[in-house]
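The values are calculated or read from the model by the stated rules, or taken from the named source; none is laboratory data. Quick caveat: nothing in here was measured; it's all calculated off a predicted structure. So basically every Cβ, Gly included, is an ideal-geometry build from the backbone, and we count neighbours across all protein chains shown.
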Amino acid sequence: MNLYPALRPLIYKLSPKQAHELTISLLRLAGAIPPVRGLLKLYFKPVQPGPQVKVAGITFTNPLGLAAGYDKDALAWRGLESLGFGHLELGTVTPLPQPGNPEPRMFRLVEDKAVINRMGFPSRGAEFTARQLKNRKSGGLVIGMNIGKNKDTALEEAEKDYVPLVYRFAPLVDYLAVNVSSPNTPGLRKLQEAGMLEKLLKPVAEERDRQISRLGKAVPVFVKLAPDLEETQLDSALQAIVDTGMDGVIISNTTISRPMLKSNLAGETGGLSGAPLTELNTRLVKISVQKLNGRLPVIASGGVMNAADAQAKLDAGAALVQLYTGLIYAGPGLVKEILNSGLNVRQ
């Protein structure tokens, strides 16, 4: 029985910030109590738990994951792992704590089944976030960490933030995702330009390789790109990612475009996610898969609102699919619903 449609009007009476903080608190509490966590797993257990997939040397129990941005400080991952995901991408985490952009910075566009956010990497910092993962046992649900630079760090010195984050989180998580595509940190997207991207990713790759030797385990690093790149920009970014030996590409972050929106909040500054991003993202995934031609896996992240959307990403060649905004409109049962549809993955 899905109670979310009945609860949604009450949830929408809260501001997006209040609703998010409430759900994180409840998931954190539920995850801290083993019997409650067990009941959640039982309730959200899909009839069809797979299909299992292997990407960048990691085995995922299913191809569906939580996109970065939901659990920025790794507070609620124990509760979230009960919802049926094949992986969770936590973060974005920055080396030092920072507040992010001024409030309000998140807006529900209900008529469009969309969200605009201009969060700006609010983070309690690497040390706080790492402490939340210190008792995590290996061999469970796949967990990735999305990493970003502090706002005050110069773009030309971005590697001074990203490299220590690789060092700090490689022992704690299964993969890392380099975020150079948020529209809400001034200038960040310039790091997607070929020269700057290579300058950043070379030392990241070197640190990843050191950690692989030190830890004796794979530590894949993916790079998350924006959906607003021109084709020539996408070409050069993908080539830089391949040339520096990265392990995969996440397509994509939120968009600064505003495609035919109905809501009177459409003019708010920030990145747009949700249903308006669905077709744009699927098209970009397909293009990226074709351009990479098997050299690297592509992870689809954007506009997954139902099972058909998830399958469309897989049909476009995505190895994994991530969602976030879909949960706001369909509730936590969306994961189970998508898995029960019987996803087909390209082999």
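Among the residues of the range 303-318, what is the count of those that are within 19 Å of residue 175 (Cβ to Cβ) and assigned to a loop (DSSP other than H, G, I, E, B)?
The number of residues fulfilling the criteria is 1.
Is it true that residue 66 is crowded, with 18+ Cβ neighbours inside 10 Å, under 19 Å from the mean Cα position of the chain (by Cα) and at pLDDT below 95?
Details: crowded, with 18+ Cβ neighbours inside 10 Å: yes; under 19 Å from the mean Cα position of the chain (by Cα): yes; at pLDDT below 95: no.
So residue 66 fails the test.
Any residue in the range 45-60 that is within 22 Å of residue 142 (Cβ to Cβ) and of a type in the set (Ser, Thr, Tyr)?
yes
If we scan the range 279-299, do we find a residue that is modelled with pLDDT under 95, over 24 Å from residue 218 (Cβ atoms) and not aliphatic (A, V, I, L, M)?
No, because not a single residue in the range 279-299 is modelled with pLDDT under 95, over 24 Å from residue 218 (Cβ atoms) and not aliphatic (A, V, I, L, M).
Kindly state which strands (runs of 3 or more DSSP E) lie completely within the range 18-95 and contain at least 2 residues that are of a type outside the set (Phe, Trp, Tyr) and in contact with a Gly (Cβ under 7 Å, 6 or more places away or on another chain). Break it down into steps so the answer makes sense when it comes.
Values: elements: 53-55, 58-60, 64-66, 87-93.
Output list reads 64-66, 87-93.
Report yes if residue 41 is surrounded by fewer than 15 Cβ atoms within 10 Å (Cβ to Cβ), out of contact with any Pro (no Cβ under 8 Å at 6 or more places or on another chain) and free of Cβ contacts under 8 Å to residues at least 60 places away in the same chain, otherwise no.
Against the criterion (surrounded by fewer than 15 Cβ atoms within 10 Å (Cβ to Cβ), out of contact with any Pro (no Cβ under 8 Å at 6 or more places or on another chain) and free of Cβ contacts under 8 Å to residues at least 60 places away in the same chain), residue 41 qualifies.
Has the range 46-55 got at least one residue that is within 21 Å of residue 253 (Cα to Cα) and either under 15 Å from the mean Cα position of the chain (by Cα) or modelled with pLDDT of 95 or more (or both)?
Yes, the range 46-55 contains at least one residue that is within 21 Å of residue 253 (Cα to Cα) and either under 15 Å from the mean Cα position of the chain (by Cα) or modelled with pLDDT of 95 or more (or both).
Here's the yes/no breakdown for (1) on the phi < 0 side of the Ramachandran plot; (2) at pLDDT 95 or above; (3) touching a Pro at 6+ places or on another chain (Cβ under 8 Å):
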site	(1), (2), (3)
111	yes, yes, no
121	no, yes, no
128	yes, yes, yes
137	yes, no, no
141	yes, no, no
148	yes, yes, no
154	yes, yes, no
178	yes, yes, no
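Identify, from the list 335, 321, the residue that is aliphatic (A, V, I, L, M), part of a helix (DSSP H, G or I) and modelled with pLDDT of 95 or more. Outline the logic, then answer.
On the way: 321 fails: part of a helix (DSSP H, G or I).
Result of the check over 335, 321: 335.
Taking the range 189-246, which residues are over 16 Å from residue 289 (Cα atoms), crowded, with 22+ Cβ neighbours inside 10 Å and not charged (D, E, K, R)?
191, 192, 197, 200, 201, 204, 219, 221, listed by residue number.
What's the total number of residues in the range 257-289 that are of a type outside the set (S, T, N, Q), more than 17 Å from the chain's Cα centre (by Cα), at negative phi and outside any helix (DSSP H, G or I)?
8
Within the range 340-347, is even one residue crowded, with 24+ Cβ neighbours inside 10 Å and in contact with a Pro (Cβ under 9 Å, 6 or more places away or on another chain)?
no
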